[in-house]
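Engineer: First the structure, then my questions, so here it is.
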């Protein structure tokens, strides 16, 4: 097994972390926008704003965590699990902080519907996780290095 950067070999395109994050980001944003539209139709502007804030929160925090983990795993693979746990903890703390700030500012009583905010945050989190798992499982990631053409020629 290698920690070297994956490259395309013999017609196989390896999957990058960016493509996995992009897929999860697009799916989450689409579900969040659909939830905001539904919220606007059913419960009004404050519910739609809650859905949009929740969608933005999930997209920003989860994309940031995935990209940090990708950078760390390419530089120091042994630290990947530690960084994954730390970024998860950071996401939970930041989401909690957003709720506390919104609550203390009075926005949850006046401007933003807290029920839609919480519900859409949960739905978007589940969509993000499911999509990231889907793309990660389907990812083409070589587990060993194929010999280069120069090495093949020298072996003959």
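The values are calculated or read from the model by the stated rules, or taken from the named source; none is laboratory data. Because the structure is predicted, anything quoted here is derived from the model rather than measured. So basically every Cβ, Gly included, is an ideal-geometry build from the backbone, and we count neighbours across all protein chains shown.
Engineer: With (1) modelled with pLDDT of 95 or more; (2) surrounded by 14 or more Cβ atoms within 10 Å (Cβ to Cβ); (3) over 14 Å from residue 123 (Cβ atoms) as the list, and residue 23 as the residue in question, which single condition is left unmet?
Structural biologist: If we test residue 23 against (1) modelled with pLDDT of 95 or more; (2) surrounded by 14 or more Cβ atoms within 10 Å (Cβ to Cβ); (3) over 14 Å from residue 123 (Cβ atoms), just (1) comes out false.
Engineer: I'm checking my understanding of the structure. Among residues of region 114-133 that are in contact with a helix residue (DSSP H, G or I) (Cβ under 6 Å, 6 or more places away or on another chain) and at pLDDT below 95, which one is farthest from residue 53 (Cα to Cα)? Write out each step before concluding.
Structural biologist: Start the filter on region 114-133 by keeping residues that are in contact with a helix residue (DSSP H, G or I) (Cβ under 6 Å, 6 or more places away or on another chain), which leaves 114, 116-117, 120-121, 124-125, 127-128, 131-132.
Imposing the further condition that a residue be at pLDDT below 95 reduces the set to 114, 132.
On the way: 114: 10, 132: 21 Å.
The qualifying residue farthest from residue 53 (Cα to Cα) is 132.
Engineer: Next question, about the same structure. Test residue 77 against the stated conditions and say whether it is loosely packed, with under 13 Cβ neighbours inside 10 Å, at pLDDT below 95 and over 30 Å from residue 40 (Cβ atoms). Full working, then the answer.
Structural biologist: Details: loosely packed, with under 13 Cβ neighbours inside 10 Å: yes; at pLDDT below 95: yes; over 30 Å from residue 40 (Cβ atoms): yes.
Yes: the conditions hold for residue 77.
Engineer: If you check 47, 54, which single one turns out to be surrounded by 15 or more Cβ atoms within 10 Å (Cβ to Cβ), over 17 Å from residue 132 (Cα atoms), modelled with pLDDT of 95 or more and within 17 Å of the chain's Cα centre (by Cα)?
Structural biologist: Values: 47 fails: within 17 Å of the chain's Cα centre (by Cα).
Selected residue: 54, the only one of 47, 54 that is surrounded by 15 or more Cβ atoms within 10 Å (Cβ to Cβ), over 17 Å from residue 132 (Cα atoms), modelled with pLDDT of 95 or more and within 17 Å of the chain's Cα centre (by Cα).
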